[in-house]
Amino acid sequence: MIPAAGTGTRMSGPAPKQYLALAGKPMLWHSVRALSVPQVAAVFVVLTPGDEQFARHDWSAFEGRLHPLFCGGNTRRDSVLNGLVNVRGEVDADDWMLVHDAARPCLPAADLRRLMEEGASDAIGAILALPVADTVKTAGKDEAGVQRIAATQDRSQLWLAQTPQMFRTGLLAQALSQAPGATDEASAVEKMGLKPRLVLGSRQNLKITYPEDVAIAEAILAQA
């Protein structure tokens, strides 16, 4: 499932970020392609109810596999939960659901394969993630309002969450329904007292957030 109902305000583009042209295709097209592997039975894309962009693009490469759902919400959590409700009759509670970010179009096949292999053997589920490589500082403002370093964190236990995130459909729906403020699927599952597995990802699986990320993504796609 790919939630794609956002507006991508930090990109400041003429269209929602998921439709930004990337290597000759919409960004969303590349994210769908990354999940279009034999082990994935269907790809559900959750769009805003008023989406008019989706029909303007050619999705024929994914015919029979791609299913748009026009039920997106105000947040990622809302969109994924709405999507799960909409596919309840097509997906069993015990089926694995991969939730991927539309803004991660460069997901390597090896990363996806590793996630599915390790995640399927885990009782809870798993996410792709990267150990933090940079030194991490927490900040605080002084009396003049200047941001200053408050502390240096121990990065040995810090990881950067990526997508896909992989959980049983029933568990994921239950977790999201109980976590209205969840920023990703794993955080909702964590609120149930569970500890999802961390699966090593890669820097290629970057999230396109700012305009300068586009050139990096296109360079990665050109080498794929």
Bins of 10 Å from zero: percent of alpha-carbon pairs in segment 76-139: 15, 37, 36, 10, 3
Ordering of 131-143, 23-35, 164-176 by packing [mean C-beta count within 10 Å, highest first]: 164-176, 23-35, 131-143
Label point distance in nm, Thr183-Trp159, each placed 7 Å from Cα along Cα→Cβ: 1.7 nm
Ranked by how many other beta carbons lie within 10 Å on average, peptides 97-108, 56-67, 73-84 from highest: 97-108, 73-84, 56-67
Computed over segment 141-224, Kirkwood Rh from alpha-carbon pairs, angstrom: 16.4 Å
Per-pair calculated FRET efficiency, R0 = 25 Å: Asp94 and Ala61 via Cβ, rounded to 0.05: 0.25
Whole-number D in µm² s⁻¹ for segment 1-128, Kirkwood Cα-pair radius fed into Stokes-Einstein, 20 °C, 1.002 mPa s: 141 µm²/s
Asp154, Asp95, Asp122, ranked by accessible area, largest first (probe 1.4 Å): Asp154, Asp95, Asp122
Note, ³J(HN,Hα) from phi for segment 36-45, Karplus 6.51, -1.76, 1.60, rounded to Hz, x at Gly and Pro: 7, 10, x, 6, 9, 6, 7, 10, 9, 10
Within the chain, percent of DSSP bridges classed antiparallel, to nearest 5: 65 percent
Rg [Å, one decimal], Dmax [Å, integer] - the chain, C-alpha atoms: 18.0, 60
Whole-angstrom gap from segment 165-183 to segment 189-217, using each part's C-alpha centre: 17 Å
Residues of segment 122-218: accessible area per residue with a 1.4 Å probe, Å²: 57 Å²
Extension reserve of the Glu143-Ser36 stretch, reckoned as 0.36 nm per residue once the Cα distance is removed: 33.2 nm
Stretchable slack from Glu190 to Lys207, in nm (0.36 nm times residue separation minus alpha-carbon distance): 3.9 nm
Of all accessible heavy-atom area on the chain, the percent that carbon and sulfur account for (1.4 Å): 50 percent
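The values are calculated or read from the model by the stated rules, or taken from the named source; none is laboratory data. The structure displayed is predicted, hence computed values, not measured ones. Cβ atoms come from the backbone with ideal geometry, glycine included; neighbour counts cover every protein chain shown. In case anyone asks, the SASA skips ligands and DNA or RNA and just uses the protein heavy atoms, side chains included. Shrake-Rupley method; radii C 1.70, N 1.55, O 1.52, S 1.80 Å.
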